[in-house]
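Everything below concerns the one structure shown next.
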Amino acid sequence: MAVPTRNRRDEILEAAANLFAARGFHGVSIEDIGAAVGITGPALYRHFRGKEALLSQILLDISARLHDQGAATASLPPPEALHALLTGHIDFALSHPALIRVHERELHNVPELARRQIRRLQRLYVEEWVTVLRDLHPAVPPVRLRSAAHAVLGLINSTPRSAGELPAREMAELLHRMALAALTVSGD
């Protein structure tokens with residue numbers, strides 16, 4: 001059985017994300033991205049209108065993927081849903097540190113319309129967390145739960161700064177324990 005090949009568009013998005021993470025949006029040219037996937041810079045325009053469109057798509061894809069992953073937990077009992085949210089976000093963070101770096105440093109380079117779409121998806125993702133936390137801690141005000149969710153996501157998203165210091169499995173377990181501890185305190 002043949003292994004399916006990735007499509008050119010996905011290769012371009014991954015290469016652009018890695019380059020943007022390493023050198024910053026303004027430190028990367030269309031030619032650099034093209035060279036990273038073995039095509040000329042101008043050939044990229046068959047797939048994307050330019051660097052801003054590439055960056056927008058990278059961040060929209062991240063936000064949509066996380067939101068969809070969060071929404072998929074809605075039918076689970078609250079403890080299982082929280083476990084799924086934590087595991088999913090930790091796996092994402094450990095598997096895609098470049099995407100986290102790009103989001104953290106380059107969102108301001110995305111055109112306004114796309115930036116609003118990205119922020120909307122992010123808010124919806126956080127609300128998936130708040131819904132689960134509210135089921136677990138019904139007496140806690142939603143604003144406190146939302147703040148706790150943001151804090152835990154910030155904790156998990158800090159992993160690119162310590163990438164490789166611990167084996168991935170050990171890091172995942174550490175993040176999971178720390179996040180659960182933080183969320184337990186937020187429910188007191």
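The values are calculated or read from the model by the stated rules, or taken from the named source; none is laboratory data. All values derive from a computational prediction rather than experimental measurement. Here the Cβ is made from the backbone with ideal geometry for all residues, glycine too, and neighbour counts use every protein chain on show. Heads up: the accessible areas ignore ligands, DNA and RNA and are worked out on the full protein's heavy atoms, side chains in. Shrake-Rupley method; radii C 1.70, N 1.55, O 1.52, S 1.80 Å.
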* Structure fact -> Residues of region 137-171 being in contact with a Leu (Cβ under 9 Å, 6 or more places away or on another chain), in a loop (DSSP other than H, G, I, E, B) and open to solvent by 50 Å² or more (accessible area, probe 1.4 Å), in sequence order, are A163, L166
* Filter result for the condition that a residue is modelled with pLDDT under 95, closer than 30 Å to R8 by Cα and assigned to a helix (DSSP H, G or I), over L94, L55, L121, L66 -> L94
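Before we move on, is S95 open to solvent by 40 Å² or more (accessible area, probe 1.4 Å), of a type outside the set (A, V, I, L, M) and under 28 Å from T184 (Cβ atoms)?
Numbers: open to solvent by 40 Å² or more (accessible area, probe 1.4 Å): yes; of a type outside the set (A, V, I, L, M): yes; under 28 Å from T184 (Cβ atoms): yes.
Yes; evaluated as a whole, the condition is true for this residue.
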* Out of curiosity, is V126 out of contact with any Pro (no Cβ under 8 Å at 6 or more places or on another chain), outside any helix (DSSP H, G or I) and surrounded by 13 or more Cβ atoms within 10 Å (Cβ to Cβ)? -> no
* Asked: Cβ-Cβ below 6 Å, separation at least six or inter-chain, first residue in region 1-15 and closer than 20 Å to H103 by Cβ and open to solvent by less than 80 Å² (accessible area, probe 1.4 Å), second modelled with pLDDT of 90 or more and in a loop (DSSP other than H, G, I, E, B): which pairs?
  -> I12/H47
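Here's the yes/no breakdown for (1) open to solvent by less than 20 Å² (accessible area, probe 1.4 Å); (2) touching a residue at least 24 places away in the same chain (Cβ under 8 Å):
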| site | (1), (2) |
| --- | --- |
| G27 | no, no |
| R49 | no, no |
| E52 | no, yes |
| I62 | yes, yes |
| D68 | no, no |
| T73 | yes, yes |
| L85 | yes, yes |
* **Filter pass, I100 being part of a helix (DSSP H, G or I), within 27 Å of L54 (Cα to Cα) and touching a Leu at 6+ places or on another chain (Cβ under 6 Å)** => no
